[in-house]
Amino acid sequence: LQIQNLLRGAAERGELSLHYQPQFDLGSREVACVEALLRWNSAELGQVSPARFIPVAEESGLIVPLGEWALREACRQAESWRRTGFAVPVAVNLSALQFHRSDPVELLERVLAESGLPAAQLELELTESVLVQDGGGVTLERLRRLKALGVSLAIDDFGTGFSSLAYLRRFPIDKLKIDQAFVCDISTDPEDAAIVNLVIELGRILKIRTVAEGVENEAQLRFLRERGCTLAQGYLFARPLTAAQFEAQYRAPR
Ligand code: G
Ligand code: G
Ligand code: NA
Ligand code: MN
């Protein structure tokens, strides 16, 4: 409850920020996109881990304004980079509550217009919990309208939720993020290896890009490259970085 009360005013007190973690193309080895991740530096509690405050935000509904803050800030930052010749698509996490409780299409239209960021430079990461609640086709309708705006859609933590394979055919998905729980032991555990293989193969057949999350070592990378995974994200390449760090490391010198 203390966390919840402090979190309520966090944006107004300027305690929120975003960190940026790149995804690398396994073919070209270049940064393909960057995921924006919320950080909270509380005046009272110090740095609070998202693993602690995101669940509180989800339960209390605070994720709606927090998520909106993150979306707005990520679009502002990406547009500021783009205008100065550093165009990198940004991926933003959208919680199921944001998607279902209010109209995400209206929000996206508003934030894109306000920031000036071209929609093609924005990706939304949705968890499987977004897709399972398909109240009479409302989810499909919203996803189609988001796609019509020009944003791309990724399924986050793929394989940990309840999505059925049928969703992949029905919904206009551009990218599958293979959860780090499966990636962790791919080079030693045959069952995890088989699951990751299948997801990569599924992506190839359905023409959906695949991203391995939580890549930490060369053995995992070798496995993913051999199997034709499209992209990788993880500590082996980069930790989540501040905007300044990300720019300093990945912006080509002018
Ligand atoms: O940043 P870290 O990798 O510790 O993130 C922990 C969790 O918090 C992840 O599940 C991540 O998806 C989630 N998360 C981080 N930023 C946001 C955000 O802006 N919105 C939502 N809904 N989840 C976020
Ligand atoms: O739910 P989501 O996938 O958006 O959250 C990503 C989370 O995973 C963040 O908390 C991020 O800090 C963390 N993360 C990113 N790369 C790695 C990694 O290589 N190893 C581990 N253990 N965690 C990672
Ligand atoms: Na993820
Ligand atoms: Mn994510």
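The values are calculated or read from the model by the stated rules, or taken from the named source; none is laboratory data. In this text, all values refer to a predicted model and were calculated from it rather than measured experimentally. Cβ coordinates were reconstructed from backbone atoms using ideal geometry, including for glycine residues, and neighbour counts include every protein chain displayed.
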Original post:
For the stretch 39-143, which helices (runs of 4 or more DSSP H) that fit wholly inside it have 2 or more residues that are out of contact with any helix residue (DSSP H, G or I) (no Cβ under 9 Å at 6 or more places or on another chain)?
Top reply: 50-60, 63-83, 104-115
Original post:
For Ala51, all conditions in the list (1) more than 16 Å from ligand 3 (Cβ to nearest atom); (2) surrounded by fewer than 20 Cβ atoms within 10 Å (Cβ to Cβ); (3) small (Gly, Ala, Ser) hold save one; what is the number of the exception?
Top reply: (1)
Subject >> Filter result (away from ligand 3 (no atom under 13 Å from the Cβ) and under 19 Å from the mean Cα position of the chain (by Cα)) within the stretch 116-128 >> reply: Leu117, Pro118, Ala119, Ala120, Gln121, Leu122
Original post:
Does Asp185 meet the test of being away from ligand 4 (no atom under 16 Å from the Cβ) and surrounded by fewer than 18 Cβ atoms within 10 Å (Cβ to Cβ)?
Top reply: yes
**OP:** For residues that are crowded, with 18+ Cβ neighbours inside 10 Å and farther than 22 Å from Ile205 by Cβ, scanning just the stretch 143-179, find the one that is farthest from the chain's Cα centre (by Cα).
**Re:** Leu146
Original post:
Exactly one of (1) within 25 Å of Thr139 (Cβ to Cβ); (2) not in a helix (DSSP H, G or I) is unmet by Ile186. Its number?
Top reply: (1)
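Looking at Arg29, Arg13, Arg8, Arg52, can you tell me which residue is among the basic types (Lys, Arg), touching a residue at least 12 places away in the same chain (Cβ under 8 Å), out of contact with any Asp or Glu (no Cβ under 6 Å at 6 or more places or on another chain) and within 28 Å of Gly234 (Cβ to Cβ)?
Testing whether each residue is among the basic types (Lys, Arg), touching a residue at least 12 places away in the same chain (Cβ under 8 Å), out of contact with any Asp or Glu (no Cβ under 6 Å at 6 or more places or on another chain) and within 28 Å of Gly234 (Cβ to Cβ) leaves just Arg52.
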**OP:** Look at Asp174 and say whether it is in contact with a Lys or Arg (Cβ under 7 Å, 6 or more places away or on another chain) and charged (D, E, K, R).
**Re:** yes
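Only one of these is in contact with an Asp or Glu (Cβ under 9 Å, 6 or more places away or on another chain) and small (Gly, Ala, Ser): Ala96, Ala113, Ala57. Name it.
Sole residue among the options that is in contact with an Asp or Glu (Cβ under 9 Å, 6 or more places away or on another chain) and small (Gly, Ala, Ser): Ala96.
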**OP:** Could you give me the residue pairs with C-beta distances under 6 Å whose first residue belongs to the stretch 147-160 and is touching a residue at least 24 places away in the same chain (Cβ under 8 Å) and in a loop (DSSP other than H, G, I, E, B), whose second residue is more than 12 Å from ligand 4 (Cβ to nearest atom) and not aromatic (Phe, Trp, Tyr) wherever it lies, and which are 6+ apart or on separate chains?
**Re:** Gly150/Ala119; Gly150/Ala120; Val151/Ala119; Val151/Leu122
**OP:** Those residues that are modelled with pLDDT of 95 or more and among the polar types (S, T, N, Q), I need them from the stretch 99-129; list them, please.
**Re:** Ser115, Gln121
Subject >> Boolean, Glu35 is buried (at least 17 other Cβ atoms within 10 Å of the Cβ), modelled with pLDDT of 95 or more and within 29 Å of Lys175 (Cβ to Cβ) >> reply: yes
Original post:
Inside the stretch 140-179, can you point out the residues that are of a type in the set (S, T, N, Q) and out of contact with any strand residue (DSSP E or B) (no Cβ under 8 Å at 6 or more places or on another chain)?
Top reply: Thr160, Ser164
Original post:
Going by the conditions given, is Lys207 within 21 Å of Phe237 (Cα to Cα), out of contact with any helix residue (DSSP H, G or I) (no Cβ under 7 Å at 6 or more places or on another chain) and either in contact (Cβ under 8 Å) with a residue 24 or more places away in the chain or away from ligand 3 (no atom under 13 Å from the Cβ) (or both)?
Top reply: no
Original post:
For residues in the stretch 115-142 being under 16 Å from Trp69 (Cβ atoms) and in contact with a Cys (Cβ under 8 Å, 6 or more places away or on another chain), which is surrounded by the fewest Cβ atoms within 10 Å (Cβ to Cβ)?
Top reply: Ser115
